[in-house]
Every structure is written in C-alpha cells, then in structure tokens.
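> Handing you this structure, nothing more for now.
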Amino acid sequence: MALPMCADYKNLYPAGSVAGQDAVADKLLAEARSLRQAGNLSKAESKYKRIAEFRTLAPMAPEARYELGQVYEAKKDYREAFRQYSRLIELYPQSPLYKVALDRQLAMAFSAAKGEMQVDVLFGAWSAPMDSGVVIDWLRTIIAKAPYNDMAATASSILAGYLVEQERPDEARMEYARLVETYPDSPLAPDAQLMVAGLWANRNTRGDADSLVNLTHAREAYEEFCLRFPKHKDARKAYSSAADMDRLLVNQQLEVGRYYLERAREYPSAIFCFEDVIRQQKINPEAAAEAQQLLEKARAAQAAAKQRS
C-alpha cells in the first residue's frame, strides 16, 4: 500500500543540532522514501534504520527517525513506533519535529485509550485493544516529557479518565488531583477537581469501611472547587454537592449510632452519635428526628443494662 510522503523539513535545524552534510544519509533517505511510497515497508524500514542508528548527526536524521516511526505505525507495530518518536524527542530537542513527535504520541495514546488501536494476537489470529499497562506508560511518558502545559494537562486528563474506565479509581483520583495542582490555569482543571470530589463520594456508595472519611474528603474537594473556581458555571452545583455531603455525613453518623445500639449494644457510644446528629438538625432535619427517637431507645436500653448489672 502506498503511503503519503512527509513534508520537506530541509534547512529547519539550528546550528549544532546535526552535522552540516551527509551525502550517504541523503541517498539512504531518498531510497527509503521511494520504497515507502511504493508500499515496500520492510525495505524502507531497513534504510531508515541505517540512518537512525548509524548516522544520527546527518541533517536529515530527525526526518528519518520520524518517518521510521510512521512506517512502524503502518505495520501496526505501535510500541516500536512510539519508541522511535521518543528517541527523536530525546536526541533532537531543538528540531521542529520535537513537538510533531509529541503530538503524534499523544494521538496514539488517545486512540489506544479509547480502544481504537487494535493489535494482532497470536500471530494475527485475532485483534485486541492495546494492553492497558502500555497505554498508561505511554501517557505518563508524554506527561513527563511534554514541554507545553496544554499537552501535558491533556495527557493527564486522558490518563485519569482511562484509569476510571480500568476501574482504578484511587489512581484516577490522584491523577486528577495532580492535574489541578500542576496546571491550575488549564481549562481542564475545573472538571478534574469535580472528578476528585465525585470519586471520593463514589467510594461511599460502594459501602467502603471508611465512609465518613470518604464523605469528608468529597465535601472538602467540592469546597476546594468553589475556592479555586468561584466564577465557574458549576460553582453553585459544587456548593450544593458540598451540602449534600454534609447531609450524607449526618446520615452516616446516624447509621453508626444505630449500629452501636442494635448490634454492638454499646449504649454510651450510641447516645453520643444520636446527640451529635440532633445537634446538626439544620443540616439534616429528617435524620435528626429519627435520631431523637433512637436516642430515647438507647437511654432506656442503657438504664435497663445498668439495672441488670
């Protein structure tokens, strides 16, 4: 299959980044491009590799490295393609292809994260999405090397979302939090902060043993959103969500008191919990009313227990 040729990047490299001239490399590159245009990817690969590996200071070496990555992409050897782009980034930081290679890596990682990048399994017996470990490693590589905040923040957001899909919510939450702290001015930061809050709140719905802690973290994350982004369109919703967390915290305290009363039969602890819920009547009047009834039961049970003893 014939492939389109790259743009001509001659005379774009700063002095000192590559040698002034390399006739051998120029000849190899011309041959590689001709073979690639004819669809002979294997022979083109061999020519490109001779430049990339043995003539790294040739003026056209960055182009050879980039086009070698494109050949590997065409052959669906995505890991090697990504590696070639990484080598270009490492070897030629002054090249205009530096950002081009990073952009290509980000596009590859995004495609893999969406499940669009299929790789052959068992010598082509069937295809499967790229291994999740590879996708995560790619995105972390981009975040580490991207010199532009927008690109790094985008990669961080993609990584966090992918971790959510992979059912790794704690890692996702930490990545969203890192995005907010590292790139607070990014347009992606507000949604990332909301995701931090939502992931904390979601842990409570899963019946986590640390529900009180999780709800507290969720409330703090919503409050943090309001402090960081007071003029954001979702600021009012975040205030409301913080209030919801407060109501859930009161509910949780009510359930803790119920546990002490009905199952553990630790009546002083139950009384303490119910009294605490009643003090928060303005936050959750329904829970406070129920706590009042349970408080009377707890006091009666405590009195009966003292009489038996």
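> Given a Förster radius of 45 Å and the C-beta distance between E275 and E116 as r, what FRET efficiency does 1/(1 + (r/R0)^6) yield to the nearest 0.05?
My answer for the efficiency is 0.20.
> What Kirkwood Rh does the stretch 129-264 have if only Cα atoms enter the pairwise 1/r average? Answer in Å.
Final number for the Kirkwood radius of the stretch 129-264 is 16.1 Å.
> Which one of A192, Q252, A221 is farthest out on the positive end of the charge dipole of the stretch 170-268, using unit charges on Cβ (Lys, Arg +1; Asp, Glu -1) and the Cα centre as origin?
Farthest towards the positive end: Q252.
> List the chymotrypsin sites (Phe, Trp or Tyr not before Pro) within the stretch 89-179 that fall in a DSSP loop (any state other than H, G, I, E or B) and whose Cβ has at most 10 other Cβ atoms within 10 Å.
When the chymotrypsin sites (Phe, Trp or Tyr not before Pro) of the stretch 89-179 are filtered for loop state and at most 10 Cβ neighbours within 10 Å, F123 remain.
> Once the piece of chain linking V134 and E296 is laid out straight, how much longer is it, given 0.36 nm per residue of separation minus the C-alpha distance between them?
The span from V134 to E296 would gain 52.4 nm if fully extended.
> Toward the positive end of the charge dipole of the stretch 154-309, about the Cα centre and with charges on Cβ (Lys, Arg +1; Asp, Glu -1), which of M174, L159, Q307 goes farthest?
Most positive-ward Cα: Q307.
> Lysines near K76 by alpha-carbon distance under 30 Å, same-chain residues fewer than 8 away left out - which ones?
K10, K27, K43, K47, K49, K99, K114, K145
> Pull out the extension gain between R263 and D26, defined as 0.36 nm times the separation in residues minus the alpha carbon to alpha carbon distance; nm, one decimal.
Here the answer is 77.1 nm.
> Using alpha carbons only, how many degrees (0 to 90, rounded to 10) separate the axis of helix 169-182 from the longest principal axis of the chain?
Relative to the chain, helix 169-182 is tipped by roughly 70 degrees.
> To continue, here is another question. With runs of 4+ DSSP H residues as the only contributors, calculate the mean residue ellipticity of the chain at 222 nm using -39,500 (n - 2.57) per run, divided by the residue total and rounded to the nearest 500.
-23500 deg cm²/dmol
> Across the stretch 133-207, how large is the tail of the calculated P(r) beyond 13 Å, expressed as a percent of all Cα pairs?
When all Cα pairs of the stretch 133-207 are counted, 62 percent exceed 13 Å.
> Same structure again: Have a look at the chain and give its Rg and Dmax from the Cα atoms, expressed in angstrom.
Taking only Cα atoms of the chain, I get Rg and Dmax of 29.7, 103 Å.
> On to the next question. Under a plain spin-label model, where a point goes 7 Å from the Cα along Cα-to-Cβ, how far apart in nm are R178 and E53?
3.3 nm
> Using the alpha-carbon atoms, what tilt in degrees (0 to 90, nearest 10) does helix 78-91 show relative to the longest principal axis of the chain?
That helix lies at roughly 80 degrees to the long axis.
> Here is a follow-up. Within the stretch 230-273, which residues have the backbone N less than 16 Å from the label spot 7 Å out from A289 along Cα→beta-carbon, could you tell me?
Counting backbone N atoms under 16 Å from the label point, the list is 251.
> Taking the Cα atoms only, what angle lies between the long axis of helix 97-113 and the longest principal axis of the chain, rounded to 10 degrees?
50 degrees
> Suppose every K and R has +1 on its Cβ and every D and E has -1 on its Cβ; what is the size of the dipole of the stretch 176-309 about the Cα centre, in Debye to the nearest 20?
340 debye
> Taking θ = phi - 60°, what integer Hz values does the Karplus form 6.51 cos²θ - 1.76 cosθ + 1.60 yield along the stretch 242-249, in sequence order, with x for Gly and Pro?
The phi angles translate into 4, 5, 4, 5, 4, 5, 5, 4 Hz.
Computed from the coordinates by the stated procedures, all read-outs in this text should not be read as laboratory data. Given the structure is predicted, the values throughout are model-derived calculations rather than measurements. Ideal geometry is used to build each Cβ from the backbone, glycine not excepted, and the neighbour counts take in all protein chains shown.
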